[in-house]
Structures are given as C-alpha cells and as structure tokens.
1. Scanning for something in contact with a Leu (Cβ under 8 Å, 6 or more places away or on another chain), on the phi < 0 side of the Ramachandran plot, modelled with pLDDT of 95 or more and of a type in the set (Asp, Glu), does the range 92-111 turn up at least one residue?
2. So residue 190 passes all but one of these: (1) within 30 Å of residue 329 (Cβ to Cβ); (2) surrounded by 18 or more Cβ atoms within 10 Å (Cβ to Cβ); (3) not hydrophobic (A, V, I, L, M, F, W, C). Which condition number does it fail?
3. Suppose we filter 200, 265, 185 for residues that are within 21 Å of residue 154 (Cβ to Cβ) and modelled with pLDDT of 95 or more; which single one remains?
4. Search the range 48-91 for residues being among the aromatic types (Phe, Trp, Tyr) and either over 20 Å from the mean Cα position of the chain (by Cα) or at pLDDT below 95 (or both), and hand back the single one that is nearest to residue 119 (Cα to Cα).
5. Just to verify a result, which residue in the range 99-140, among those that are of a type in the set (Phe, Trp, Tyr) and over 17 Å from residue 190 (Cα atoms), is surrounded by the most Cβ atoms within 10 Å (Cβ to Cβ)?
6. Quickly run through the range 212-230 and pick out the residues that are surrounded by fewer than 17 Cβ atoms within 10 Å (Cβ to Cβ) and of a type outside the set (Gly, Ala, Ser).
Amino acid sequence: MKKQVIFMIILFSMLIVWSSCDDYATGVDPIIDAVQDELLTSENQVEFLINGVEARFATTCDLITVLGDLLSDALFFDYNCPNATYPTWSDINDGVITLDNNSVDGVFFNVGELRFFADDLIRRVGNIDFEDEALKKEALFTGSFYGAIARYFYATYFGLTQEQGGGIISIDEPGPFIPSAEMYDLALEKFDAALSYTDDEYMKRVINSLIARIHLYKGDYPSATTFAQNGLAEGEEPFQSLYNIESQNNWYIHAGIQRTQGTADYRFHDYIVEDANEANRVIIEEFVGNDGTTIYYRQFKYPENTSPIVFVSWQENELMLAETELRGGNSAGALARINNIRATHGIDALTAVDLDVLYVERDKELCFTGLRLPDQRRFDKWHLGPGTWKYLPITERERNINPNIGP
C-alpha cells in the first residue's frame with residue numbers, strides 16, 4: 001500500500017527538545033519551550049516522535065530544494081522581480097556565499113534537526129519495552145529512512161569548501177567533516193536498515209529508487225542499475241513531501257506566486273516555445289517585473305501553499321535506467337525509456353539520444369525539485385565562474401563551535 005509522508009504539523013512537533021538537543025548541530029541556541037525528555041521515551045509517545053521526524057523532513061525538503069535550485073542554473077535572483085529583496089538569496093544565486101548567510105544557516109539547522117530527530121528516535125526505541133511490535137518496527141523504519149535522507153541532504157547540498165561536498169554529524173561532541181562520498185555511504189547503510197524494517201512493497205521500491213540515485217551520483221552505474229531495476233515502476237505514485245496551511249510549501253512562498261525571489265531560468269520558457277506540449281511537464285507562468293516591462297517566468301508546479309513536492313518518482317527512476325544504459329552503450333534502450341516518459345506528457349518521440357540529450361530531458365522532467373545542482377556538478381556543466389560555491393557552505397555558526405573544521 002502506498003505510503004506518503006504524513007505531514008501532521010502541530011505546535012509541539014516544532015518545540016520538541018530531546019536529550020542532548022544540541023547534538024543535531026553543534027551551533028544551536030537553547031530552546032525555552034520544552035517537553036520533558038524522559039517523558040518522551042515511552043511507547044505512548046512514539047507516534048508523536050514519528051510525526052515530528054516526518055514533519056521536519058517536509059520543512060527541510062522544500063527549503064533545501066529551493067536553495068539548491070537557486071545555486072544551480074534552474075532559478076535566478078533579480079531585484080527587479082516583485083518582492084525579491086533578500087541579499088542572501090542574491091549571494092546564493094551568484095555562488096559567492098559568505099559563511100554567515102542566514103538563509104543557508106536556516107536550512108543547515110533543519111537538516112541537523114532531521115538527522116538528530118531520526119537517529120534519536122532509534123535510540124529511544126532501544127530504551128522502550130514495546131507491547132506493540134508493529135509500532136516498534138514503524139519507529140525503526142522511520143528513524144532509518146529519514147536518517148538516510150538527512151545524510152543524503154548533507155552529501156548532496158552542503159560543502160566544506162566551494163568544491164568539497166559533505167557535512168557534519170555530531171553525537172556527544174562536535175563531529176568531524178564527512179566528505180560526500182562517505183556521507184552517501186552512511187545514507188546507504190540507513191536505507192538498507194529501513195528496508196529490513198518494512199514489508200510495504202511500495203516503500204521498498206521508493207527506497208530502491210533513492211539508493212539508485214545515490215549510486216548514480218557516486219558514479220557507480222552498475223549498482224545504480226541494479227537498484228533502479230527494483231525501484232518505482234511506471235504508473236506508480238511519486239513519494240511526496242506534503243504540506244498544509246499551518247506549514248506551507250516554501251516553493252510557493254519564496255519562489256512562486258506569493259513571493260518570487262527565485263525566478264525560473266528563461267530556458268524553461270524556451271522549451272515550451274520549441275514544443276508547446278512541454279508545458280505539460282515544465283509548468284511555469286509569466287509575470288512582469290517592477291519596471292513594468294521586463295517579462296519573467298516563475299515555477300507554477302506548486303500553485304498553492306499546500307502543493308506537495310515530488311521527492312522521487314517512477315519517471316526519475318526511468319531516467320536513471322536510461323542514463324546507465326547510455327553509459328553502458330545501449331542507446332536504443334535509453335531512447336525507448338525516454339520516449340516512454342515523453343509520451344505520457346503528449347510529447348513527440350526523439351529519434352536519437354546521447355548524454356547531452358539525457359541531461360536536457362532530466363532538466364525538463366525533474367525541474368524545480370532540487371535535482372539540477374547535483375546534475376550540473378556530475379555532468380561538468382557548471383554555469384558560474386571559477387571559485388564559486390558548488391555547494392551550500394557549512395555555516396559560520398557550526399564552524400565557530402566545531403574545532404574539527406574551524407572558522
């Protein structure tokens with residue numbers, strides 16, 4: 001049965017204080033409102049803890065994918081756009097990011113919380129005598145699955161230097177820097193654990209697709225093929241991050257209708273000019289700049305403040321298989337997969353495909369989901385000048401407190 005992220009935002013899930021709460025990121029201010037820690041290590045609080053992990057995933061997913069696309073060439077920042085006012089977003093757009101950028105600091109904090117909440121859920125399960133074994137298994141699955149995603153976020157979006165990706169995991173003391181390749185391996189270990197805790201066939205395929213994505217990013221194409229072959233299948237619903245009126249989708253809030261601080265690159269409009277049917281998957285709308293004359297385009301993939309975000313889909317899974325086939329010399333197989341995806345949008349078939357064509361197909365199919373940044377790096381198609389950030393920097397607050405990395 002399909003399982004999506006159950007996004008049940010309530011006030012207390014944002015006020016939870018768990019033991020050693022400063023461990024999820026070493027630079028954390030004390031929290032005033034708190035749930036007593038010992039009361040949470042109880043079977044009757046496990047559902048609450050699960051909801052807190054799932055909620056933090058959702059409030060991290062939107063922010064990190066928006067800023068990832070802003071650093072990439074998917075979005076750009078222009079003060080001429082109505083309500084585009086954040087200099088921190090302008091700096092991210094330019095790839096010249098100071099370590100005290102508070103927009104980056106906010107999402108780094110969120111990833112740290114997600115990692116801590118997920119790992120701490122597993123720790124608590126070990127200290128509870130369960131009567132409901134199914135609930136115990138669900139908790140272990142939740143902690144493992146979202147713990148893997150937190151590590152994936154670190155490896156994919158953050159870096160110690162402009163070109164050195166990775167993150168920090170602090171347990172009892174500030175942790176060392178973990179490069180992306182090693183962090184991906186830690187994510188894979190967590191995904192493997194999650195597979196052992198679920199009997200849900202849909203979720204197993206979701207995890208296999210996410211494992212395939214990590215292997216693809218690591219350049220391990222045989223492993224990516226193996227897991228993608230057991231990933232999401234055509235017609236299956238995507239795994240999504242869900243939002244509600246209490247906690248809204250930040251794509252809508254900051255790169256959409258409410259406020260367009262992140263504007264869609266003009267090439268997305270060009271795709272539609274070249275083929276009108278591309279509008280079935282490249283969903284944008286036109287708006288006018290502050291000067292009253294300049295035309296811009298913004299994403300309309302998330303038309304409401306409660307619009308879900310696709311975290312992984314069968315279409316992405318097919319594109320991964322197409323890529324590994326191309327890299328293995330099977331262009332005919334790759335072409336068939338790509339044309340199958342295009343057909344679902346009413347777009348004419350291609351007659352040939354290579355890695356450059358695949359790169360564009362990924363751009364169209366996966367637009368506004370935060371996946372452009374890792375694609376630009378691994379296809380060696382960086383759009384900014386030398387010395388610019390290709391990752392969001394591990395922020396000053398963490399560097400100042402963590403002696404393993406320094407300021």
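The values are calculated or read from the model by the stated rules, or taken from the named source; none is laboratory data. It should be emphasised that the depicted structure is a prediction, and the values quoted were computed from it without experimental measurement. As a convention, Cβ positions derive from the backbone with ideal geometry for all residues, glycine included, and neighbour counts pool all protein chains shown.
1. Within the range 92-111 (the criterion being in contact with a Leu (Cβ under 8 Å, 6 or more places away or on another chain), on the phi < 0 side of the Ramachandran plot, modelled with pLDDT of 95 or more and of a type in the set (Asp, Glu)), the answer is yes, since at least one residue qualifies.
2. (1)
3. Result: 185 is the single residue among 200, 265, 185 that is within 21 Å of residue 154 (Cβ to Cβ) and modelled with pLDDT of 95 or more.
4. Among them, the one singled out is 48.
5. Residue satisfying both the conditions and the ranking: 108.
6. Listed by number, the residues that qualify are 220, 222, 226, 229, 230.
Yes/no per residue for (1) within 30 Å of residue 223 (Cβ to Cβ); (2) buried (at least 19 other Cβ atoms within 10 Å of the Cβ); (3) touching a residue at least 12 places away in the same chain (Cβ under 8 Å); (4) out of contact with any Phe, Trp or Tyr (no Cβ under 9 Å at 6 or more places or on another chain):
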| position | (1), (2), (3), (4) |
| --- | --- |
| 332 | yes, no, no, yes |
| 340 | yes, no, yes, yes |
| 370 | yes, yes, yes, no |
| 389 | yes, yes, yes, yes |
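One line per residue, one yes/no per condition, for (1) out of contact with any strand residue (DSSP E or B) (no Cβ under 9 Å at 6 or more places or on another chain); (2) assigned to a loop (DSSP other than H, G, I, E, B); (3) at negative phi:
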site: 127; (1), (2), (3): yes, yes, yes
site: 138; (1), (2), (3): yes, no, yes
site: 147; (1), (2), (3): yes, no, yes
site: 160; (1), (2), (3): no, no, yes
site: 165; (1), (2), (3): no, no, yes
site: 171; (1), (2), (3): yes, yes, yes
site: 188; (1), (2), (3): yes, no, yes
site: 194; (1), (2), (3): yes, no, yes
site: 207; (1), (2), (3): yes, no, yes
